[in-house]
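Visitor: Before I ask anything, let me first share the structure, which is written out below as structure tokens.
The values are calculated or read from the model by the stated rules, or taken from the named source; none is laboratory data. If you're wondering where the values come from, they're calculated on a predicted model, not measured in any experiment. Counting neighbours? That spans all protein chains shown, and the Cβs are built from the backbone with ideal geometry, glycine included.
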């Protein structure tokens with residue numbers, strides 16, 4: 001039996017409150033416990049002169065108040081699951097990376113405390129999303145789109161199987177349609193070299209690429225016959241096409257690496273762009289840590 005919890009990070013901001021809501025809904029849907037964590041730090045320069053330990057006591061009380069408020073919020077959404085809270089001492093990013101090893105799913109807000117309103121992605125969220133041990137959701141834009149599909153970006157790399165598994169499983173669990181996006185650059189004749197690839201009409205290449213995609217989807221369609229699937233084959237960049245789909249999707253599912261990147265590389269450009277610009281939550285797939 002799977003006992004890994006859904007873990008959500010909170011810092012008391014409105015952005016993290018939305019992440020707590022999303023995580024509570026997801027934990028309830030998966031019948032998993034929810035763990036709410038907050039990492040707190042204080043000015044170590046001032047702490048050297050805090051002989052009575054008053055600064056750390058204040059910091060801990062604030063941290064406990066933050067997770068308590070998040071617990072109340074999550075309990076209203078998911079009254080029938082186990083919810084635990086934890087305050088972690090230290091910088092947020094490394095502490096969240098530690099707890100990610102024990103998470104079924106790690107959920108983050110897109111901006112943190114002290115971030116500017118116009119900042120699209122907080123530094124902690126980006127670092128944790130980039131280096132986490134397992135799958136991560138960054139809750140962006142609208143946290144819920146009840147009638148929207150799940151969108152997934154798929155190429156022909158080995159990592160695509162995990163994206164498809166996650167996308168089909170999630171769509172089946174939520175009883176919603178699935179939109180699969182395949183972006184590719186067609187071979188352009190030399191006499192059209194000055195024309196932007198997205199505007200070139202290549203019906204034969206599009207048909208061949210669509211056939212390859214359908215072959216890739218065939219076993220998943222057979223395994224999940226109840227999931228309606230729409231395919232989109234485009235000459236646009238994957239990031240652009242998925243950002244457009246995110247405007248009416250409930251979730252976008254992507255891999256953590258793109259074509260041609262080494263195994264030790266971090267987020268691919270498509271995933272990173274979506275973390276900055278998607279209009280809905282973004283799920284970055286990764287194998288579960290052992």
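Visitor: Considering only residues that are closer than 13 Å to residue 71 by Cβ and either out of contact with any helix residue (DSSP H, G or I) (no Cβ under 6 Å at 6 or more places or on another chain) or in a helix (DSSP H, G or I) (or both), which ones fall in the range 17-36?
Guide: 17, 20, 21, 23, 24, 27, 33, 35
Visitor: How many of the residues in the range 97-123 are surrounded by fewer than 23 Cβ atoms within 10 Å (Cβ to Cβ), at pLDDT below 90 and either in the same structural domain as residue 167 (by TED's automatic domain parsing) or out of contact with any strand residue (DSSP E or B) (no Cβ under 8 Å at 6 or more places or on another chain) (or both)?
Guide: Total meeting the criteria: 10.
Visitor: Can you name the residue in the range 256-290 that is part of a loop (DSSP other than H, G, I, E, B) and modelled with pLDDT of 90 or more and, of all such residues, is farthest from residue 139 (Cα to Cα)?
Guide: 286
For (1) modelled with pLDDT under 90; (2) assigned to a loop (DSSP other than H, G, I, E, B); (3) in the same structural domain as residue 270 (by TED's automatic domain parsing); (4) over 25 Å from residue 18 (Cβ atoms), each residue gets a yes or a no:
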site: 144; (1), (2), (3), (4): yes, yes, no, no
site: 171; (1), (2), (3), (4): no, no, yes, no
site: 188; (1), (2), (3), (4): yes, yes, yes, yes
site: 201; (1), (2), (3), (4): yes, yes, yes, yes
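Visitor: Ok, one more. What are the residues in the range 82-94 that are over 22 Å from the mean Cα position of the chain (by Cα) and either not in a strand (DSSP E or B) or not assigned by TED's automatic domain parsing to the domain that holds residue 27 (or both), if any?
Guide: Residues satisfying the conditions are 82, 90.
Visitor: Considering every residue within the range 241-255, establish whether at least one is assigned to a helix (DSSP H, G or I), without any contact (Cβ under 8 Å) to a residue 60 or more places away in the chain, over 18 Å from residue 138 (Cα atoms) and outside the structural domain of residue 131 (by TED's automatic domain parsing).
Guide: No, the range 241-255 contains no residue that is assigned to a helix (DSSP H, G or I), without any contact (Cβ under 8 Å) to a residue 60 or more places away in the chain, over 18 Å from residue 138 (Cα atoms) and outside the structural domain of residue 131 (by TED's automatic domain parsing).
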